[in-house]
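What follows is a single structure, written as structure tokens, with notes after it.
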Amino acid sequence: MQKLSIKGKNKLNGTILISGSKNATLPILAASILAKKVRLTNVPFVKDIFTMLELLKFIGIKIKINNRNKKRYIELKNDEKSIKTLAPYKLVKTMRAGVLVLGSLLTKYKKAKVSLPGGCAIGTRPVDLHLFALKKLGAKIKIKNGYIIAEAKKGLVGGKINFPSISVGATENALLAACGAQGETVISNCAIEPEVIDLIEFLKKLGCKIKISNRKIIVKGIRSIKAQIKHKIIFDRIEAGTYLVAGALLGEKIIIKQVNPEIIKSELNILKKMGIKVLKNRNSITVFKSKSLKKVKISTKPYPGFPTDLQAQFMVLMTQAKGVSKIKENIFENRFMHVPELKRMGAKIEIRNRVASISGPTKLNGAEVMATDLRASVSLVLAGLIAENRTIINRIYHLERGYEFLEKKLKNCKASIKRI
Ligand code: UD1
């Protein structure tokens, strides 16, 4: 099995081009079931995307991938020939976002059988809110043999979905379902993550009428579907945040390009509070390492709050700040799995309930460590970059699920990182 080997302490210098967002691409791929022909650009070519494409292929969507460097795109065509309304366990178990095909299949074909995704390392991650939304639009749902079996014999009908708590995936499934439903749907207490907004932009191009204000989305189902649409996926704000942390830790000067600083204000505010110099431009951000970092408190929240997906990376930064920094994880109950590994590298971290207290500044020492999930893995990469000696990271397939050209992007900035 491949590992990553990192020799720490190299200063970083250079430019990093941020890829398109994996989490925006996944629901848009699910939405392409509703379309006729779609061309997507700025898609990150990472494992989760290929898993979703495999699922769509199984369903009957025709897929063309153009991998030529600057003109990369993915084309999807639904010619309505031999469509299966099934998402089997083998294709959903490795990637929970597979459950997003439920909304599209049900609304278009009036039935769907989708495997329950099961738990994952960071928490139980149920789908009750997804089902809650679909039931509000008239779906009849049963759970049988590990599958969600959903039906709406006469088609879904617009309705009111007031979520009891905020979920990104459930909001996306509700949007997909509402697009094919008859009449108007009002979704309230919904997620407003930039990836949800990107899905809305895509659905509008398909012909759906959607209005959003505060945490309320009003959807009028599609009357006629546009024959062919093009969409450029939004930048990956989690990848951007990860490299901003790398720059803040070691950057003589790191320039992050292809981003919109307005979208990642909460992350930039934390960096500024810690005393890090960041310069914003329209589509780029420059970050410099600071001599001394100030302690800070972070509480993860739905957007526009601080993202849970950047908590592990910012924790590494906090190991270098003076005093006791704190992170409260409000979204997932088991998202501190990187902590034992960081402690093996010398970090001083204590966890009580959902709060991690990080004392610093602490010198980290290279060690052999184990990646446990996508974002935890990349926090170990960041730790390896600042540690004395060599760090070996096992189970890097987690990284491949979501970070495109990670080694190449870091190597271009003079990091010493290689696959072994
Ligand atoms: C998405 C992101 C993930 C990110 C998360 C939170 C994708 C592909 N993944 O995941 O990277 O960490 O948002 O920003 O976009 N919940 C329920 N019932 C449900 C659904 C969710 O209780 O039916 C709970 C979850 O267990 C969690 C919270 O709601 O505690 C938020 O989860 P959710 O926003 O749904 O995350 P995902 O959409 O799975």
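Throughout, read-outs are computed from the coordinates displayed, never taken from laboratory work. Owing to the predicted nature of the structure, the values given are computational and were not obtained by experimental measurement. Heads up, the Cβs are rebuilt from the backbone with ideal geometry, glycines too, and the neighbour counts pull from every protein chain shown.
Give me the dipole magnitude in Debye, nearest 20, for the stretch 22-232 about the Cα centre, with unit charges on the beta carbon: positive for Lys and Arg, negative for Asp and Glu.
Roughly 680 debye for the stretch 22-232.
Taking the Cα of Asn353, stepping 7 Å toward and past its beta carbon, and measuring to each backbone N in the stretch 321-337: which are under 13 Å?
Within reach of a label on Asn353, which here means backbone N under 13 Å from a point 7 Å along Cα→Cβ, the stretch 321-337 contributes 328-330.
Taking a 26 Å limit on the Cα-Cα distance, which of the listed pairs Lys111/Lys136; Lys71/Lys211; Lys257/Lys408 fall beyond it? Walk me through the numbers before you get to the answer.
Numbers: Lys111/Lys136 15 Å; Lys71/Lys211 32 Å; Lys257/Lys408 15 Å.
Going by Cα-Cα distance, Lys71/Lys211 fall outside the 26 Å limit.
For the stretch 22-232, what proportion of DSSP beta bridges, expressed in % and rounded to the nearest 5, is antiparallel? Intermediate results must be reported in sequence, preceding the final value.
Numbers: 31 of 42 bridges.
Percentage antiparallel, nearest 5: 75.
Nearest 5 is fine: what % of DSSP beta bridges in the stretch 79-194 come out antiparallel, could you say? Walk me through the numbers on the way to the answer.
On the way: 11 of 17 bridges.
Around 65 percent of the beta bridges assigned by DSSP in the stretch 79-194 are antiparallel ones.
Compute the angle between helix 374-386 and the longest alpha-carbon principal axis of the chain, please, reported from 0 to 90 degrees and rounded to the nearest 10.
That works out to roughly 20 degrees.
Run a plain Debye calculation on the stretch 22-232 (Cα atoms as equal point scatterers, no solvent) and give log10 I(q)/I(0) at q = 0.10, 0.13, 0.14, 0.15 Å⁻¹, rounded to two decimals, same order as the q list.
Listed by q, the Debye log ratios stand at -0.37, -0.65, -0.76, -0.88.
When the Karplus curve 6.51 cos²θ - 1.76 cosθ + 1.60 is applied with θ = phi - 60°, which whole-Hz ³J(HN,Hα) does each residue of the stretch 169-175 get, with x for Gly and Pro?
x, 5, 4, 5, 5, 4, 4
Could you order peptides 212-219, 301-308 by the average number of other Cβ atoms within 10 Å of their residues, highest first?
Working: 212-219: 15.9, 301-308: 17.8.
In descending order of packing, they fall as 301-308, 212-219.
Viscosity 1.002 mPa s, temperature 20 °C: what is the translational diffusion coefficient of the stretch 208-366 from Stokes-Einstein with a Kirkwood Rh over Cα pairs, rounded to a whole number of µm²/s?
Numbers: Rh = 17.4 Å.
Estimated diffusion coefficient is 123 µm²/s.
Could you run the Karplus curve 6.51 cos²θ - 1.76 cosθ + 1.60 with θ = phi - 60° over the stretch 141-152 and give me ³J(HN,Hα) per residue in whole Hz, x for Gly and Pro?
10, 10, 10, 9, 6, x, 10, 8, 10, 10, 8, 9
Which of Lys253, Lys84, Lys154 moves the most in a Gaussian network model of the chain with Cα springs under 10 Å?
Among Lys253, Lys84, Lys154, the largest GNM mean-square fluctuation belongs to Lys154.
Place a +1 charge on the Cβ of each Lys and Arg in the chain and a -1 charge on the Cβ of each Asp and Glu, then give the dipole magnitude about the Cα centre in debye, rounded to the nearest 20.
Numbers: 81 positive and 29 negative charges, 137 e Å.
So the magnitude is around 660 debye.
Tell me which residues come under 5 Å, amide H to amide H, from Tyr147 once H is placed; ignore anything under 5 positions away on its chain.
For Tyr147, the qualifying residues are Leu116.
Amide H to amide H under 5 Å from Ala191: which residues, 5+ apart in sequence or cross-chain, H placed 1.01 Å off N in plane?
Ser167, Thr171
Mean residue ellipticity at 222 nm from the helices of the chain, using -39,500 (n - 2.57) per DSSP H segment of n ≥ 4 over the full residue count, to the nearest 500 deg cm²/dmol?
Working: 14 runs with 132 residues, N = 420.
Here the helix-only value at 222 nm equals -9000 deg cm²/dmol.
Treating the angle as unsigned and between 0 and 90°, give the value, to the nearest 10°, between the Cα long axis of helix 47-59 and the longest Cα principal axis of the chain.
10
What residues qualify as long-range amide H neighbours of Ala387, i.e. H under 5 Å apart, gap of 5 or more or another chain, H built at 1.01 Å from N?
Lys9
In the structure shown, do any of Lys153/Lys226; Lys140/Lys230; Lys90/Lys265; Lys297/Lys418 have a Cα-Cα gap over 29 Å, and if so which?
Working: Lys153/Lys226 25 Å; Lys140/Lys230 34 Å; Lys90/Lys265 38 Å; Lys297/Lys418 33 Å.
The answer is Lys140/Lys230; Lys90/Lys265; Lys297/Lys418.
Given N residues in the stretch 123-181, what is its alpha carbon radius of gyration divided by 2.2 N^0.38 Å?
1.10
Peptides 19-28, 339-348: what's the order by average Cβ count within 10 Å, highest mean first? Intermediate values should be presented prior to the final figure.
Details: 19-28: 25.8, 339-348: 19.2.
In decreasing order of mean packing, 19-28, 339-348 become 19-28, 339-348.
Indicate, rounded to the nearest 5 percent, the antiparallel portion of the DSSP beta bridges found entirely in the chain. It would help to have the intermediate numbers written out before the result.
Working: 59 of 86 bridges.
Among the beta bridges of the chain, antiparallel pairing accounts for roughly 70 percent.
If r is the Cβ-Cβ distance from Ser188 to Leu17 and R0 is 56 Å, what FRET efficiency results, to the nearest 0.05?
On the way: r = 37 Å, r/R0 = 0.67.
My answer for the efficiency is 0.90.
Applying a 10 Å radius around every beta-carbon, put 66-78, 323-335, 379-391, 235-247 in order of their mean neighbour count, most first.
On the way: 66-78: 13.6, 323-335: 18.2, 379-391: 23.7, 235-247: 27.0.
Averaged packing, sorted descending, gives the order 235-247, 379-391, 323-335, 66-78.
How large is Rg/Rh for the chain, to two decimals, with Cα atoms and a Kirkwood Rh?
Details: Rg = 21.6 Å, Rh = 22.0 Å.
In the chain, Rg relative to Rh is 0.98.
Using +1 at the Cβ of each Lys and Arg and -1 at the Cβ of each Asp and Glu in the chain, identify which of Leu137, Gln228, Leu34 lies farthest towards the dipole's positive end.
Comparing the listed Cα positions along the dipole, Gln228 ranks first.
With label points built 7 Å along Cα→Cβ from the Cα atoms of Ile65 and Glu252, find their separation and express it in nm.
For the pair Ile65/Glu252, the computed spacing is 3.7 nm.
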